[in-house]
Structures are given as structure tokens and as C-alpha cells.
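The values are calculated or read from the model by the stated rules, or taken from the named source; none is laboratory data. Note that the structure is a prediction, hence the values are computed from the model and not measured. Reconstructed Cβ throughout: ideal geometry from the backbone, glycine too, with neighbour counts over all protein chains shown. Areas reflect the complete protein model, heavy atoms only, side chains present, ligands, DNA and RNA absent. Shrake-Rupley method; radii C 1.70, N 1.55, O 1.52, S 1.80 Å.
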Amino acid sequence: MDSALLAFAGLSLLLTVTPGADTALVTRAALAGGRPAGFGAVLGVTSGLLVHAALSALGLSVLLARSAALYEAVRLAGAAYLLYLGVRAWREARHTAQAAGAPSPRLGFGPALAQGLTTNVLNPKVALFYLTVLPGFVRPGEGALARSLTLALIHFGWGVIWLGLLVLLIGTLAPRLRSPGVRAALERITGAAMVALGLRVALSR
């Protein structure tokens, strides 16, 4: 057995089940567009991990770690995007509450995937995590890119399983969430979570 892979599997599982921006984004997508949008967001978020692994193995993330200006730019861009999604969720919650049963615009698979990918790729903390942690699981003589992608695929798998179960749970509860008032309240909660996460990223040092 590869002890390094097992150790990383445990670490990545812990990171996956810890609530954060990914959980809030997937929850909102599933509420706004049902299971198709929810799974789209899951695929976008987890695909972002592969991007970070590739950038880390190729050394591009070193620029992010060494350049304070670049790090600040990426951090503020990620914070702004989270704030945008949070405010948008609040606006859609108001529309839902005022719709009184009228059909509301549904989030599609493609836009949800794009939101998940953008949110993950613009998270500088994920980039720095992959830059600082992955090299410790790459053994001498191994190809850094292949090994990094292998580790990222483990993280990818946990993300698909955990966040996919969240989407299925929301889909199961969907009949109880069809009331405009309930949907609006849930959209406000997830929107507030995204705004809080965006402010946390923006104010972090």
C-alpha cells in the first residue's frame, strides 16, 4: 500500500467535509436549478482541484506564493466573485418571494459548472495548499505532474461523493422546498453564507 496516498486521502477527506464556499455554492445551485445544476456545480468545483494540481506541479503557483501583488489580485478577485454570487442569491430570493408560485428562472448545468470552476480556481488558499502540501506526497524520482494529478483525483473523488450526496439530499427534500417562502429563505441563507465567505477572504491576511 502507498502510505503517502492513504495519508493524503485522509487529509483531503477532512478538507472536503469541512463546510466552506464549495458547500454554499453547491447548495445554492441545487436550490436554484435542481439536481442538474447541483451536479454541474459539483463538477466545476472538483475540476478546479485538477487545475490547481497542474499549476502547482508546473511551478506556476510559485508565482502566486512569491508575489504579494499577484496574491492580492487573485484573493480580491475571488472575494469579489463570492460577494457577487451572494448578492445575486439575495436578489433572486426577493424575486422568488414575490413570484407567488410563478415559475422562476432556473440555473442550468453549464452556468452552474462555470460558477463552481471559477470559484475554486480564484481561491488562492486552495492554490497555496496544493503548492505547499502536494510536494510532501511526491516521492523522489516520480513525475511531479502525474503524481500531483493522482493526488488531486483522490481529492476530486471525495468532492464528487460528498457534494454529490448533498445534491441528492436537497433533491430528495425538493418537494418540501417548493414553497416560494421556503425557497426564498434558503436562498437568503446561502447568499448570506457566500457574502460572509467573500468578506472573510477579502479581509484575510
query = Give me the pairs: first residue in the stretch 68-89 and under 18 Å from ARG188 (Cα atoms), second residue surrounded by 14 or more Cβ atoms within 10 Å (Cβ to Cβ) and basic (Lys, Arg), beta-carbon distance under 8 Å, and six or more apart or on different chains, which are they?
reply = LEU85/ARG28; ALA89/ARG28; ALA89/ARG188
note = (1) at pLDDT 75 or above; (2) over 19 Å from GLY159 (Cβ atoms); (3) surrounded by fewer than 19 Cβ atoms within 10 Å (Cβ to Cβ) all hold for LYS125 apart from (2)
remark   = Within the stretch 12-37, residues open to solvent by 60 Å² or more (accessible area, probe 1.4 Å), closer than 19 Å to ILE154 by Cα and part of a helix (DSSP H, G or I) come out as LEU13, LEU14, LEU15
key: Which listed residue is modelled with pLDDT of 80 or more, within 23 Å of LEU15 (Cβ to Cβ) and buried (at least 19 other Cβ atoms within 10 Å of the Cβ), from ALA57, ALA112   = ALA112
remark   = Residues in the stretch 110-165 that are β-branched (Val, Ile, Thr) and over 25 Å from ALA193 (Cα atoms) total 5
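Would you check if there is a residue in the stretch 98-108 being modelled with pLDDT of 70 or more, buried (at least 18 other Cβ atoms within 10 Å of the Cβ), within 19 Å of MET194 (Cα to Cα) and out of contact with any strand residue (DSSP E or B) (no Cβ under 9 Å at 6 or more places or on another chain)?
yes
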Residue that is most open to solvent (accessible area, probe 1.4 Å), among those in the stretch 43-54 that are touching a Phe, Trp or Tyr at 6+ places or on another chain (Cβ under 9 Å) and among the hydrophobic types (A, V, I, L, M, F, W, C) = LEU43
query = Within the stretch 177-188, is there a residue that is at pLDDT 90 or above, open to solvent by less than 20 Å² (accessible area, probe 1.4 Å), under 24 Å from GLY44 (Cβ atoms) and assigned to a helix (DSSP H, G or I)?
reply = no
GLY44 vs. criteria more than 21 Å from LEU153 (Cβ to Cβ) and assigned to a helix (DSSP H, G or I) = no
